[in-house]
Every structure is written in C-alpha cells, then in structure tokens.
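Working notes, structure below.
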Amino acid sequence: MNIAVFASGRGSNLMAILNAIKEGKLNAKVSVVISNNSNAGALTIAKENGIDALHISRKQFSSDEDYVKKILSELRARNVELIVLAGYMKKIPPEIIREYPNKILNIHPALLPAFGGLGMYGMNVHKAVIDYGVKITGVTVHIVDEEYDHGPIVMQKAIEVKDDDTPETLAERVLKIEHEIYPEAIKLFVEGKVIVSGRKVMIKNED
Ligand code: GRF
C-alpha cells in the first residue's frame, strides 16, 4: 500500500514508520512526504531515504482550489491509499478528507478528547497535562475529520504522569509510545482490519 506522510517538523514519527517498514513489521511504502514547511526535518529524512519530498504550502497558490488540486494530483500520481499525519500543523482541506474517507490518520500526544483541539500541539499539550494535575496521559491515534483532534479513535495507550515530571520529561516518554503505536495502528489499516461505524472503530479478528 502506498502511504503519504504529511509532516511539519522534525519527523521522528516518520522515522519510526520507515524503521517499521525496514524491519518488516509494516508492509507498506511511504511514496511521498509532504510538508508545508520547507525546513522540516521530515523532508530531509524523506530525501535521505530516497522518498519524494514535497514542500507544498497554501502560500504558493492563488486559491484554495489550486492548492487542493496540487495535493490531490500528487497523491493520485502515486496511487496513495492512506494519508498519515505526523506532526502536521495545517488543517486538511475538506475536499481531501472527502477523497480519503476514513483513510487519513493523525497522532496526538495525549488521551483525547482531553488536551486536544486548537492550540494543543507540541509542548503546549504536556504543559497543560502537568498544570491540570492529571495522573495519566498518553497517545491517541485517530481518523481525521474536519475538526482538530476529533475523528474516531483507533488506538490509545496510557502512561503515568510522575510527580517530578516536567513537560520535557513527559514529552520524551510520550514520544517513545508514539513511535511504538503509530506503526501498529497504520498496520491495521494496511491489512484492511479496520471497520468504522460512526465514532466506533472496530478491529477485525485474526480468524
Ligand atoms: C508528535 O508529538 C505528534 O504527536 C504531534 O507532533 C509531534 C511530531 O513529532 N502531532 P515528529 O515531527 O514526528 O518528531
């Protein structure tokens, strides 16, 4: 299955996905990496791995329509069947969501629906978790719909917040979990094991 990864930043989740593919844990191909940020580490990682690395930003186009057309044409040209957001900071236009129903995934560094939505990204999430005083946090992989951090939940993993955690120490432990579960969640989609019914995501049994 051809996958597109959309990323705005350093790209450690992209790296984890590529490692899972190299290790034979995930039977898929990252055909293209798209970033709104020309300096994204994710684009460098893509190039180093011989993957098409595209800088596509709304600013390069005179209309939303041309912008969406460009993204869709790059995806279609590579027969992309699944879009994986890995630290992508832009909203996915509705036309793309319609073209890829239940086929766009996102990872969020907290247990949604808590600590999600507008402005809840990067270190802001971990700061908010510590300030609120919750005892557990974690990682959520969900399907992307038209609202930030809102679509049906595919996978979650919880970890403990320790008394002496700082946003930085927490971010580090959460990121490790992200790298473990994102390839696992993607695998379920690649293997056609995911059934989505409204907000419920069910995983088909092995037999
Ligand atoms: C991760 O924490 C992810 O959950 C969030 O953005 C961060 C991306 O990190 N959506 P990286 O670019 O994959 O290293």
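General observations
Quick grid of which residues meet (1) at pLDDT below 95; (2) surrounded by fewer than 17 Cβ atoms within 10 Å (Cβ to Cβ); (3) more than 16 Å from the ligand (Cβ to nearest atom); (4) of a type in the set (A, V, I, L, M, F, W, C):
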residue	(1), (2), (3), (4)
His108	no, no, no, no
Ile136	no, yes, yes, yes
Ala158	no, yes, no, yes
Ala185	no, no, no, yes
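- Any hit, segment 47-55, residues being surrounded by 13 or more Cβ atoms within 10 Å (Cβ to Cβ) and either basic (Lys, Arg) or within 15 Å of the chain's Cα centre (by Cα) (or both): no
- Meets criteria (open to solvent by less than 60 Å² (accessible area, probe 1.4 Å) and in a loop (DSSP other than H, G, I, E, B)) for Phe189: no
- Check on Lys127, outside any helix (DSSP H, G or I) and among the charged types (D, E, K, R): no
- Among the candidates Thr137, Thr169, the residue that is touching a residue at least 24 places away in the same chain (Cβ under 8 Å) and of a type in the set (Val, Ile, Thr) is uniquely Thr137.
- All positions within segment 2-29 that are surrounded by fewer than 21 Cβ atoms within 10 Å (Cβ to Cβ) and more than 13 Å from the ligand (Cβ to nearest atom): Asn2, Ala20, Ile21, Lys22, Glu23, Gly24, Lys25, Asn27, Ala28, Lys29
The values are calculated or read from the model by the stated rules, or taken from the named source; none is laboratory data. Since the structure is predicted, the reported quantities are computational estimates derived from the model, not experimental observations. Heads up, the Cβs are rebuilt from the backbone with ideal geometry, glycines too, and the neighbour counts pull from every protein chain shown. Protein only, heavy atoms only, side chains kept; ligands, DNA and RNA dropped before computing areas. Shrake-Rupley method; radii C 1.70, N 1.55, O 1.52, S 1.80 Å.
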